[in-house]
Each structure stands twice: as C-alpha cells, then as structure tokens.
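One structure is given here, and the rest of the page talks about it.
The values are calculated or read from the model by the stated rules, or taken from the named source; none is laboratory data. No experiment lies behind these values; they were computed from the predicted model shown. Glycine gets a Cβ as well: all are built from the backbone with ideal geometry, and neighbour counts include every protein chain shown.
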Amino acid sequence: MSLLAPFYLLLGAAAIVPLLIHLLRRRIGTRVDFPAARYLARAEQEHSRSLKLRNLLLMLLRVAIVLFVATAAARPVMRLAGSGHGPTALAIVFDNSLSTTVVVDGHPLLEQFRGAARDILAAANANDRLWLVTADGRVRGGGKATLREELDRVEALGGAGNLPLALAHAGAAVRAAGIDSRQIILLTDGQRSAWTQTTDIGDVQVVLWTPGGAPPVNRAVIMADARPERWTPRGALVARLMSKDSTTYRITLGDRSLGRGTAAPNEEVVLRAAPPERGWVGGTIELEPDELPGDNVRHFAVWIGAPPGISVSAGAGPFVRSAIDVLKGSGRVVDGRDIAIVAGDELGALPALIVAPSDPVRVGAANRALERAGIPWRFGVMRRGEASVAGPRAATEAIDSLSSGAFTDVSATARYDLVAQSGADADTIARVGREPWIVAGPRYAIVASPLDPSATTLPIRAAFVPWLATVLTERLVGEPGGIVAASPGQTLPRPRWADAIEDETGARTTLGDDLHAPTRSGTYFFERGGRRVGALVVNPESSESVLDRLPARELAARVKARQLLTAADRIQLAGLSFRSAARRSVAEPILVAVLALLALEALLVRSRRRVAVAA
C-alpha cells in the first residue's frame, strides 16, 4: 500500500486525545459512606467489570475512528485491492484524420473510436486528470463531462494531421500532471503513411487499439492541376486517379460541368479546354462515392483571360521580336498594348518586361524611367566577362515555372548590377553568382542584360520562347498573384501580394502574418484591394488515400513508452483503461468502516448511559 497524501497521517496524533481522557479520568472528592448508599456501592461493584470493558472498548473505538479518518485523508491506494481505481493522469489520443472516415461494417471508424472513447470516459472518477488529443495535435483538458462534450464536437479532419505530434503532446500532458499513474489510450486506424517515425513518450503506459481486418478497396483523386495556372484562354487540366478498376469522373469549372469520362486503373486524365470564364475560377474533379468519400473530390484553381496583347519596342532586339512572332502563331499572345517589352530607357507604362539598354549611355534615362514608373530597382555598374546564370538560391524565391530549367547552360557576358531601392518587393528569378540577374515584381520583370547573344546566351537557347511565354502569360497578364496549394490546417507564410482571403460563402477575412489553411478542402480566393488576385487550394494529402495499415505489433514498435499494451476489442480496451499502476483506492472502504465505528460508538454510549441511570 502507498499513500498519495502522507502528510495527512499527522492527523493521527489526535488519537491520543481519547486515550488521555480515559487515563486521566478519576473521581475527585472525599469519600463519605452513608448507610443509604451502601446499596448503590454494592450494585456498582456488581457491574464494575462490564463498565470497565465498555469504557475500554469505547476508548479503542474513538482512537480507531481518529486513525481511520487520518488514513483516509492520506488517500491510500493498494495493488489489486479496494474499489474503483487510483488517481490517474489519462490522455486519449483520438485519430480523426481523413482516413478514419472510411466505412467499415456499416459505420465509419471515426464513430467506432468515438464510442470507445465514451466508454473510457465513463469509467473516470473525480480524482483523475483527463485530456483528449486529436490528430491535429490540439489538446483539450477537463473533467469527464467536459471531455464528453468535446468528444461529441470532434469532426474529421480534411487531411492527415500529425499523429506522432499528437502522441507527444499527450505524453507531455500526463507527465506534467504530478500523478504516479500515467496512461495514454491510442485510438488509431494505424495507417502506414501516418506512422513513419518513432515517438518516445517516456515513463507512460500506452494502451493501443486498432481496427482488425483489411481496409476496403479505395478510389481517389490524388492530383488535379491546371497547366499552366493562367490560361489565355487555353490550357489543360491534368488529374491523376487511384483505382484498381475503371472509374467514371466528372470535371467542373465554376458552376458548370466541363467534362466527363471513364478512366482506366491509375490513369492520368488530361482535358484541354478554352472556357469562356474569365478571372480566377475554382473547379473540381469528382469520382463516384465509395467507402472513403473524403478523397473522391479534388479541387483546383485557374486564372482565365484573353490572350494578352504584346507590343515590342525596337530596343528589345530582334530575338525578342522573333520569339513573340512564334507565340502569336500559337495563339498564346496577340498584337496589342496590354504588355510592353521594352529597353529600360523606352519604358512608358506598366505592365512591362524591361531589358537592360544595349548602350551604357542610356542607363541614366533608363533609371529615370524606372523611377517614373514607381519601380524600386535601378541599373548599376556594367559588368563584363562570362558568368553562369542560375535559378534562385532558395525555393521561396521561385515563381512557379518561371525559372524551372530555363537557365540551364545560360551565361551572361555583359550585365548591369540591379540595385534595389527602398521598399523593393520582388522575387529573384535568376542570379549571376550572388547577384540578381532577373527580378519580377508587381506588373514588371527586369533583365539585367540586353536580350542579345552579345550579352547573354539566353535568346539562343531552346528554353527562351517557353520562358518568355511564361513571363508574359503567367506573371504579367491580368491580376498579380498566383495559386498556393496547402493541406488542411497547414500554416504557410502570408503571400505578399494578398491582404485578405475569401471563403466558399463569400465571407472576407483579413490576412495576418501567417496564413492558416482552412481544415476543410476547397478553393479559397486571395484578394487585394477587394479584387481576386489568386487562390488557396486546400486538398488532403494524397497519402491519406492509401489505406494500408500497420499490424498492431509493427505499430507498437513505433512508440517508445514504459509499457505498451494492445487491446483486441473495445471490451478489453475498457478493461485496460485506468490500470496503468494496477492500484485502487482504499479510502472509500476506510470511510465506510469509520461510519460503522461511529454507529457502534453511539450504541456503546447509549448503553452506558442506560446502565448509569439504572444504577
């Protein structure tokens, strides 16, 4: 037996009080014999033995009552004895990831886990410390009534969450509770993709319950992309399906159906279109429902506009003009004044692709033109000598496909320093060494060299025309911005080009320093100044669609704890709950014994009074 509050044993010192009263009790006064009192004395002598026994028993009862009360206050617990269970710090790790919405035996796994968690909470008592930790790592604490309400409010996540992190949070909570008995109940489907790492939770007992049997066969849309992300107005939607047999699909754009078809197992679907919609538009690709409906729909977004009208100044050079003629022939661009391609000294208005002037004498005029246009960059000192051109140093500097493979084997033999001014806000598309060579900002892009073979090899590379098309039709056309892909609940840096986000109902929310993706899949539009400038596309991780499960023994190897027990079913799970130390409280039986002793003490006192009256 051990005591949870041993200092309360000091109350046992009060047991000396009835002992002292008994020992110090004596008659006070002068003994005087009266003839009439001889009868009373004889009667007292006849009952003295029974009176002494009653008084001794009364003293022992009172001492025992005080000692029992002190012992109960010290909260004793014993192994395999007493009633109920000892105080326990218990956390339920509740897997509510998307994969747990799969229907097994007519019910989603999520609801089976919810029922098991309710059984566990029903066995808790007022001395337990309880927590509920969901797959997104959120920790909820409180009494069993509070956690039952929290459990009823838990919904399935739109994605995978982070179960190892949730388990680590649960371990930290129970270890910090200050209770010797620490236990975690882990309710999970054991999805292999969710348990790729080992989690050490320390001196805690873990009880694991996973569903038995093989998971059902699943179909899913695991990829849906608009290519390019800006259509002018033509483009292609590319989707990848996961299935073991042929499946039908439906593609929507905005509020209408864009196409239908049947795909072979694991086939990539490509749909080319030139829709009449304009601006930022969201769409979906959908499959027929199956046992896991949450991955049968995948969202995408695209900007659709008319082909931009391009004007090319004489200072841009003949290679640029030839590339634009190629793009006109393919319908990517048309003649017009939507976007200008100019040398820096010829810049008049934005949007524009600005190339360095071929004559250094024109640098001053070029910088004045940049200043008039409000562009926070200037051409600096001319540098000569061949140097390799490379894409950005960090992935955060890349703008979609602007630099993807475009600068392989590209060099610059004549270039200007690009000097950032106060408030410069641009993305570096290419570098020479550590210095920026191409930068792109709101409605402009600047190249630090003339686009001529005498200054750079870019115009004579095969990637030049695709790169030029990408800059014109994806960066400079229409509204600034782009598409940000996220998983449900993911935290991302806030896009610099957006100040608000619009949800599916049209409600607008101002963005903070960080962007927290919604927990529900869908397309959410970025805004700047009340205009749509991009889209946040939230979809579940494709790994959530692969329902392959770890065997219980293999999953147990992913968890390092003091002890790990595996429950075969809900009944065994309930039996293992709150048994982390195999100890139960004996305070309640002791208090029952105190009540019985008090009743016996009352009977003895009443009996002694009747004897005294009779005497």
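Observations, loosely collected:
- One residue alone among Ser257, Ser311, Ser330 is closer than 13 Å to Leu472 by Cβ and exposed (fewer than 13 other Cβ atoms within 10 Å of the Cβ), and that residue is Ser330.
Conditions (1) β-branched (Val, Ile, Thr); (2) in contact with a Gly (Cβ under 9 Å, 6 or more places away or on another chain); (3) crowded, with 22+ Cβ neighbours inside 10 Å, marked per residue:
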site	(1), (2), (3)
His169	no, yes, no
Ile185	yes, no, yes
Thr196	yes, no, no
Asn218	no, no, no
Val221	yes, no, yes
Ala226	no, yes, yes
Pro233	no, yes, no
Ser243	no, no, no
Thr262	yes, no, no
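- Sole residue being under 22 Å from Asp345 (Cβ atoms) and modelled with pLDDT under 90, chosen from Leu476, Leu451, Leu402: Leu476
- Arg114 at pLDDT below 75, assigned to a helix (DSSP H, G or I) and among the charged types (D, E, K, R): no
- Scanning region 312-367 for residues that are β-branched (Val, Ile, Thr) and within 21 Å of Thr456 (Cα to Cα) yields Val312, Val320, Ile324, Val326, Ile341, Val342, Ile354, Val355, Val361, Val363.
- Among the numbered conditions (1) in contact with a Ser or Thr (Cβ under 7 Å, 6 or more places away or on another chain); (2) hydrophobic (A, V, I, L, M, F, W, C); (3) surrounded by 24 or more Cβ atoms within 10 Å (Cβ to Cβ), the only one that Ile354 does not meet is (1).
- Region 189-209 - residue that is over 11 Å from Leu167 (Cα atoms) and polar (S, T, N, Q) and, of those, farthest from the chain's Cα centre (by Cα): Gln205
- Single residue of Ile179, Ile251 found to be modelled with pLDDT of 95 or more and either hydrophobic (A, V, I, L, M, F, W, C) or under 28 Å from the mean Cα position of the chain (by Cα) (or both): Ile251
- Per the listing Arg175, Arg148, Arg182, the residue uniquely out of contact with any helix residue (DSSP H, G or I) (no Cβ under 6 Å at 6 or more places or on another chain) and either in contact (Cβ under 8 Å) with a residue 24 or more places away in the chain or within 30 Å of Gly522 (Cα to Cα) (or both) is Arg175.
- Strands (runs of 3 or more DSSP E) (entirely within region 482-521) containing at least 1 residues that are among the polar types (S, T, N, Q) and more than 20 Å from the chain's Cα centre (by Cα): 508-510
- Look at (1) more than 23 Å from Gln421 (Cα to Cα); (2) out of contact with any strand residue (DSSP E or B) (no Cβ under 7 Å at 6 or more places or on another chain); (3) in a loop (DSSP other than H, G, I, E, B); (4) not basic (Lys, Arg) and you find that Pro307 fails only one, number (2).
- For region 98-116, taking the residues that are of a type in the set (A, V, I, L, M) and over 21 Å from the mean Cα position of the chain (by Cα), the one that is surrounded by the most Cβ atoms within 10 Å (Cβ to Cβ) is identified as Ala116.
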